[in-house]
Amino acid sequence: MRLLACATALAMGFVAVPASAEATAAKVVYGYAWADGEGHLRIVPKSATFVRKGEFRSYRLKPVAGAQEVRLDYTGASFGRVTVACDLKETEGQVALDAKGLGRTACEAGDLTDGLARGPVPLRVEYRGADAVKINEFLVTEWPGARTARGTLKRVNDTTVLFTTGGKTVKLGYTHATSFYRTTARCRDGWLAGRPVNADKQGLGKKSCTSADLTRALKAARHPVLVKIDYTPEAGGVNEVWEVFGDA
């Protein structure tokens, strides 16, 4: 009877899937990935539309309402780059894409670490649970635009902040390429320490400092601090930060 039941199920197209297999089925997410601790990335899911114009293959990414950030360990994942060599920072006019517009140069997790250290990377990630299993870089049809705004900044970790403006809070990443302008006399001073000797007429910092100085200043600040930033909301990145003196 058991053999008959199995044969009937197969004939009707039904295949039993163990509960454990369902639980570990791979999921896919597209978006801009950011470093989030050693061997980990974070990515907010976006809707992805494949665009092909002649030989150019890319994806158009759009926000998904209510999408929740995913944090994944990528140390055991395969990684396909769009560059023709793993150690290239840019495509340099040559790309290695498959028919679906995904990077096909086989690289290592360390190559992804290097890329994430430079800023957000558009990725397609297959994952199970909290582990990425297959990662492919891709090209975006158009890099999202930047904007400026005033608000408050709060440290999450050495590469991540929470920016609050207009009653909304967003999580943003920053890298060594992020510029930081201070009102203080020295880059290593505490937030708003001393007289604002480097503030312009609008109260904005004008002393050029580094992202390491930003990290140091935010670590020492007990409360969210007043800033003006230039950022790219859709990619989730901070380009420039200005320390703001007082309520100016």
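In percent, rounded to a whole number, the relative contact order of segment 32-85 is 35, using alpha-carbon pairs under 8 Å and six or more apart. Tell me which label goes with the value of Rg/Rh (Cα atoms, Kirkwood Rh) computed from the coordinates here: (1) 0.95; (2) 1.03; (3) 1.11. Structure-derived value, by its label: (3).
Residue-wise HN-Hα couplings along segment 25-31, as the Karplus relation 6.51 cos²θ - 1.76 cosθ + 1.60 with θ = phi - 60° gives them from phi, are 4, 5, 10, 10, 9, 10, x Hz; Gly and Pro carry x.
Remark: accessible surface ordering of Thr232, Thr113 (largest first) is Thr113, Thr232, probe radius 1.4 Å.
Nearest 10 degrees, 0 to 90: what angle lies between the long axis of helix 211-220 and the longest principal axis of the chain (Cα atoms)? Once rounded, the angle reads 80 degrees. So for the chain, averaging the separation of alpha carbon pairs under 8 Å that are six or more residues apart and normalising by length, what relative contact order in percent results? Reported as a whole number, the value is 16 percent. Thr159 exposes around 50 Å² of accessible area when a 1.4 Å probe is run over every protein chain in place. Solvent-accessible surface of the chain, taken per residue with a 1.4 Å probe and all protein chains present: 56 Å². Once the Cα atoms are used to define both axes, helix 109-118 deviates from the longest principal axis of the chain by about 30 degrees. Quick one: Cα centre-to-centre distance for segment 91-133 and segment 44-85, in angstrom? Rounded to whole Å, the Cα centres lie 8 Å apart.
Rolling a 1.4 Å probe over the protein heavy atoms of segment 23-167, with every protein chain left in place, gives an accessible area that is 49 percent carbon and sulfur.
The relative contact order of segment 123-248 comes to 27 percent, based on Cα pairs under 8 Å that sit 6 or more residues apart. In sequence order, segment 38-48 has phi-based couplings of 4, x, 10, 10, 10, 8, 9, x, 10, 7, 10 Hz under the Karplus curve 6.51 cos²θ - 1.76 cosθ + 1.60, θ = phi - 60°, and Gly or Pro positions carry x. Beyond 23 Å, the tail of the calculated P(r) for segment 94-236 holds 47 percent of the Cα pairs. For the chain, the mean residue ellipticity at 222 nm estimated from helices alone is -4000 deg cm²/dmol, where every DSSP H run of n ≥ 4 contributes -39500 (n - 2.57) and the total is divided by all residues, rounded to the nearest 500. Classify segment 32-90: rounded, prolate or oblate, from the alpha-carbon gyration tensor (a ≥ b ≥ c, eigenvalue square roots; a/c under 1.5 rounded; otherwise prolate if a/b is larger than b/c)? It comes out oblate by the Cα gyration axes.
The values are calculated or read from the model by the stated rules, or taken from the named source; none is laboratory data. Predicted model only: the values in this text are computed from it and were never measured. These area figures cover heavy atoms from the full protein model, side chains too; ligands, DNA and RNA do not enter into them. Shrake-Rupley method; radii C 1.70, N 1.55, O 1.52, S 1.80 Å.
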